[in-house]
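Participant: Once you've had a glance at the structure underneath, I'll fire off some questions.
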Amino acid sequence: MPARRVRRAPTVRAGRFPVADPATGEVVGTAPELRPGELDAVVDRARAAWYGWRTDAAARTTALCAAADAVEAAGTDLAPLLTREQGKPLAESRAEVARTAARLRYFAALDHGPRPLVDERPVRSELRWRPLGPVAAIVPWNFPLQLAAAKFAPALAAGNTVVLKPSPYTPLSTLLLGSVLSAALPADVLTVVTGREPLGARLVAHPGIRHVTFTGSIPTGRAVARAAADTLARVTLELGGNDAAILLEDVDVDGIADRLFWAAFRNCGQVCMAVKRLYVPARRHPEVVEALAQRARDTVVGPGLDPATRLGPLNNAPQLARVAHRTRQALAAGARAAAGGRRLPGPGYFFAPTILTDVPAHSPIVTEEQFGPVLPVLPYTRLDDAVEAANDTGFGLGGSVWGTDLDRAEEVADRLDCGTAWINHHAELSLAQPFAGTKESGVGVAGGPWGLYGNLQPFVVHRPEETCP
Ligand code: NAD
């Protein structure tokens, strides 16, 4: 009998941790595990660098634009590495790199100069905005680069320095991004730190950090808010979502089916503001289920580096287990899979794109955030019931309404209890808009000038009018 070849896992050096390729389960590379004493030194250096970085707004604009150019130039290295550790199709990684550069340029160009406030005898007062100090930016694994940029671009443009901590599932592309940026920025203005928990918790609790800007799940968001209470650092939280989409009676199913499908399944459903529940008039339900199920069956699932792939794997084994568990739970409670419904064979964390019908309304696949390629399609007979069900949740990130009569759709959208409501599309954001979840989906505002001011402290100077020039 021929000897069986045993494939050895690569050895991981002490002080480093392995990062898996979700398409194969194999190790892509390793990242350094920051030791406790090293974090103090990083934050001290970030504070020292802040004294210079905060002084010259014009120099910051120039440096951040140069940083954006450097990110674009490094796209041919960044995008494949992102795909290898995150799983998304290469075209989506390229788009993520482009969005990372775009965020740097957008915030570099935003002005936050002084403004007169009151000019009434005997006082004149002026509002000036001041940076806060070292900012901790903590990011999840679904969009490691663009979510990092959504934090460090406004923080740096405001004159703060940043300590950036990626998820331990996706540290490699962020480390590369950090080294690309360091060529364009002064030393220690942006530092990437990597490690497994409790690194994030230690960073949040560090007394040298003046603002924690966090994106991730609601339970971790609560832990971050509790820890920051001790230092009274400012906290911005962008948390989970369970967005509902409501189709109206007059919806043009053929016209919207592609857009609706990808609003739920892009990035393998691992998008905070993906469509995660779909409410459909009972009369149109079979037609909608079939249109979506057909697309689910036709979607090419595979490794992100394969040019034919439209849907990659889930990012990590616990997430695959969570999605599989929630789907099994729904099927056991009477749901039916019109497409998919199971893990795909072979190595890697692949799950078949899944359309579920006959799902009990209180099944966790409806009430919780699945964060995977599974969409429950729920029929309704009264529109008021659909709106009530959409709002009957602790989540409040986004929502959408789809129909031919746009005024009617807008009336319904206006009744959604969330931060952003779309009509006939979902999850599209411009850099200039505020992004803020209601209820448990977030605290504070990201995006647009609001995102910049979230990184600034108002400072008001009053002076008696007679001494004004
Ligand atoms: P997560 O909460 O598990 O982890 C997010 C980050 O926090 C990671 O870097 C992690 O290492 C770190 N972390 C873990 N414990 C910590 C602690 N005690 N203190 C500080 N940091 C800690 O989330 P995830 O699984 O990486 O990401 C998925 C979640 O992120 C989903 O719920 C999704 O909806 C949400 N998300 C929200 C937005 C948004 O803008 N609202 C965007 C993307 C993702």
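Participant: I'd like the orientation of helix 172-182 relative to the chain: the angle between its Cα long axis and the longest Cα principal axis, in ° from 0 to 90, rounded to 10.
Facilitator: Taking Cα atoms only, the helix is inclined about 30 degrees.
Participant: For the range 357-469, what's the relative contact order in percent, using C-alpha pairs closer than 8 Å and at least 6 residues apart?
Facilitator: Numbers: 129 pairs, mean separation 20.8, N = 113.
Worked out over the range 357-469, it gives 18 percent.
Participant: Run the numbers for Arg382 and Arg328: contour at 0.36 nm per residue of separation, minus the present Cα-Cα distance, in nm.
Facilitator: Values: separation 54, 0.36 × 54 = 19.44 nm, distance 2.90 nm.
Answer, rounded to one decimal: 16.5 nm.
Participant: Can I ask one more? Quick one: which residues, 5 or more positions from Ser167 or on another chain, have an amide H under 5 Å from its amide H? H modelled 1.01 Å from N in the peptide plane, none for Pro or chain starts.
Facilitator: Under 5 Å from the amide H of Ser167 lie the amide H atoms of Val139, each far enough along the sequence or on another chain.
Participant: May I pose another question? Mind computing the radius of gyration and Dmax over the alpha-carbon atoms of the range 262-340? Å is fine for both.
Facilitator: So, for the range 262-340, Rg and Dmax equal 13.8, 41 Å respectively.
Participant: Right, here's the next one. Write down the radius of gyration of the range 243-423 and its Dmax, each obtained from C-alpha positions, in Å.
Facilitator: 15.5, 48
Participant: Same structure, new question: Beyond 11 Å, how much of the Cα-Cα pair distribution for the range 101-141 remains, as a whole percent?
Facilitator: Numbers: 633 of 820 pairs.
Roughly 77 percent, once rounded to a whole number.
Participant: Given labels modelled 7 Å from the Cα in the Cβ direction, how far is it in nm from Trp450 to Ser217?
Facilitator: Each label point lies 7 Å from its Cα, and together they span 2.7 nm.
Participant: To continue, here is another question. When a footprinting reagent is the concern and you count Cβ atoms within 10 Å, what order do Tyr106, Tyr453 take, fewest first? It would help to have the intermediate numbers written out before the result.
Facilitator: Numbers: Tyr106 22, Tyr453 16.
Taking fewest neighbouring Cβ atoms as first place, the list is Tyr453, Tyr106.
Participant: Rounding to the nearest 10 and keeping the result within 0 to 90°, find how far the Cα-based axis of helix 90-108 lies from the longest principal axis of the chain.
Facilitator: Taking the Cα atoms of the chain, the angle to 90-108 is about 30 degrees.
Participant: While we're on this one: I need the Kirkwood Rh of the range 1-131: take the reciprocal of the average 1/r across all distinct C-alpha pairs and report it in angstrom.
Facilitator: When all Cα pairs of the range 1-131 are included, the Kirkwood radius is 19.7 Å.
Participant: Could you go through the range 56-73 in sequence order and give the Karplus-derived ³J(HN,Hα) for each residue, using 6.51 cos²θ - 1.76 cosθ + 1.60 with θ = phi - 60°, rounded to whole Hz, and x for Gly and Pro?
Facilitator: Going residue by residue, I get 10, 5, 5, 5, 5, 4, 4, 5, 6, 5, 4, 5, 4, 4, 5, 5, 4, 5 Hz, with x marking Gly and Pro.
Participant: Treat each spin label as a single point 7 Å out from the Cα along the C-beta direction, and report the Ala432 to Glu410 distance in nm.
Facilitator: About 1.8 nm, to one decimal.
Participant: Using the alpha-carbon centroid of each, what span in Å lies between the range 210-245 and the range 47-61?
Facilitator: Cα centroid to Cα centroid, the span is 27 Å.
Participant: Would the range 288-382 count as rounded, prolate or oblate if I go by the C-alpha gyration tensor, calling it rounded below 1.5 in a/c and otherwise prolate when a/b exceeds b/c, oblate otherwise?
Facilitator: Values: a/c = 2.36, a/b = 1.46, b/c = 1.62.
It is oblate, given that a/c is not under 1.5 and a/b is not larger than b/c.
Participant: Turning to a different aspect of this structure: Amide H of Glu33: which non-local residues (sequence gap of 5 or more, or other chain) have their own amide H closer than 5 Å, using H built in the peptide plane?
Facilitator: Residues meeting the amide H criterion: Arg16, Phe17.
Participant: Further question on the same structure: Rounded, prolate or oblate for the range 150-302? Axes are the square roots of the Cα gyration tensor eigenvalues, ordered a ≥ b ≥ c, and the cut-off for rounded is a/c under 1.5.
Facilitator: Values: a/c = 2.92, a/b = 2.14, b/c = 1.36.
Prolate.
Participant: Another question, if that's okay. Going by a ≥ b ≥ c, the root eigenvalues of the Cα gyration tensor, does the range 430-469 fall in the rounded group (a/c under 1.5), the prolate group (a/b larger than b/c) or the oblate group?
Facilitator: Numbers: a/c = 5.01, a/b = 2.79, b/c = 1.80.
The shape class here is prolate.
Participant: Pop the C-beta distance of Val461 and Asp258 into the FRET formula with R0 = 51 Å and round what comes out to the nearest 0.05.
Facilitator: Numbers: r = 55 Å, r/R0 = 1.08.
That gives a FRET efficiency of 0.40.
Participant: Which value, to two decimals, describes the C-alpha radius of gyration of the chain once divided by 2.2 N^0.38 Å? List each step's numbers first, then the result.
Facilitator: On the way: Rg = 23.7 Å, N = 469, 2.2 N^0.38 = 22.8 Å.
Normalised by 2.2 N^0.38 Å, the Cα Rg of the chain equals 1.04.
Participant: Another question about this same structure. Scan around Thr236 for amide H atoms under 5 Å from its own, H built in the peptide plane at 1.01 Å from N, and keep only partners 5 or more places away or cross-chain.
Facilitator: Val212, Thr213, Phe214
Participant: Given an 8 Å cut-off on Cα distances and at least 6 residues of separation, report the relative contact order of the range 243-423 as a percent. List each step's numbers first, then the result.
Facilitator: Working: 364 pairs, mean separation 50.9, N = 181.
Computed over the range 243-423, the figure is 28 percent.
Participant: While we're here: What number comes out for the charge environment of Arg16, summing +1 per Lys or Arg and -1 per Asp or Glu over other residues with Cβ under 13 Å away? Could the numbers behind the result be given before it?
Facilitator: Values: positive: Arg13, Arg35, Arg196; negative: Glu33.
Counting the neighbours of Arg16, the net charge comes to +2.
Participant: Quick one: Val301, Val97, fewest Cβ neighbours within 10 Å first, how do they rank?
Facilitator: On the way: Val301 20, Val97 24.
So the ranking, lowest neighbour count to highest, is Val301, Val97.
Participant: Continuing with the same structure: Taking only DSSP H segments of four or more residues, each worth -39500 (n - 2.57), what value at 222 nm results for the chain once the sum is divided by all its residues, to the nearest 500 deg cm²/dmol? Let's see the in-between values first.
Facilitator: Working: 15 runs with 182 residues, N = 469.
After summing the helix terms and dividing by the residues of the chain, the value is -12000 deg cm²/dmol.
Participant: Report relative contact order for the chain in percent, whole number only (criteria: Cα-Cα under 8 Å, sequence separation at least 6).
Facilitator: It comes to 18 percent, rounded to a whole number.
All of the numbers you see were taken from the coordinates with simple rules; none came from a lab. The shown structure was predicted, so the numbers you read here are calculated from the model rather than taken from an experiment. Here Cβ is always computed from backbone atoms with ideal geometry, including for glycine, and neighbour counts include all displayed protein chains.
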